């Protein structure tokens, strides 16, 4: 039996996730973790599949494992923050978004998420600052959030893709109008 290439398995999972095949994506990301159990990226992708299937505890566990494997991996912190925000634990979400930003100050998705969380807490000025920064950074980082490398080394592989970010952006704009 030949060893599968984790990168090709991840690409397969991403394609299935983009096509709405959640079961197929979940299976692919589980295979990626089996092929590379010490990969923070594979763990984070599996966590994203769990998010899409609303398996919050499983998602949180995978993002936590990704952080344990690579404590500098910003997408895992941001994704774990999303789980906390979904559970209504906004303070914990903010702490994780701030950690993601401290790991990668140019990670626009974490700034966007931080803006949404600040708005949820009524911290409108801070939310606006983060939304503006996220917009500026996203314009400088083509491909960020697409699952492809946004800078050397592919540090952002494993983050919420552009469809999810469009939704987050729209939510952020909706919050600001309230």
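The values are calculated or read from the model by the stated rules, or taken from the named source; none is laboratory data. Quick caveat, the model's predicted, so the values are computed rather than measured. In this analysis, Cβ positions are derived from the backbone assuming ideal geometry, glycine residues included, and neighbour counts consider all displayed protein chains.
Restricting to the range 91-123, and then to whatever is in contact (Cβ under 8 Å) with a residue 40 or more places away in the chain and surrounded by fewer than 20 Cβ atoms within 10 Å (Cβ to Cβ), can you tell me which residue is nearest to the chain's Cα centre (by Cα)?
In this case the residue turns out to be 106.
Can you find a residue in the range 164-175 that is at pLDDT 55 or above and in contact with a helix residue (DSSP H, G or I) (Cβ under 7 Å, 6 or more places away or on another chain)?
no
When residue 113 is evaluated against the numbered criteria (1) within 23 Å of residue 38 (Cα to Cα); (2) touching a helix residue (DSSP H, G or I) at 6+ places or on another chain (Cβ under 6 Å); (3) at pLDDT 95 or above, which criterion, by number, is the only one it fails?
(1)
Here are the criteria: (1) assigned to a helix (DSSP H, G or I); (2) in contact (Cβ under 8 Å) with a residue 40 or more places away in the chain; (3) surrounded by fewer than 23 Cβ atoms within 10 Å (Cβ to Cβ). Tell me which single one residue 137 does not satisfy.
All conditions are met except number (2).
Quick one: residue 140 ticks every box in (1) modelled with pLDDT of 95 or more; (2) farther than 28 Å from residue 21 by Cα bar one, so which box is it?
The single condition residue 140 does not satisfy is (1).
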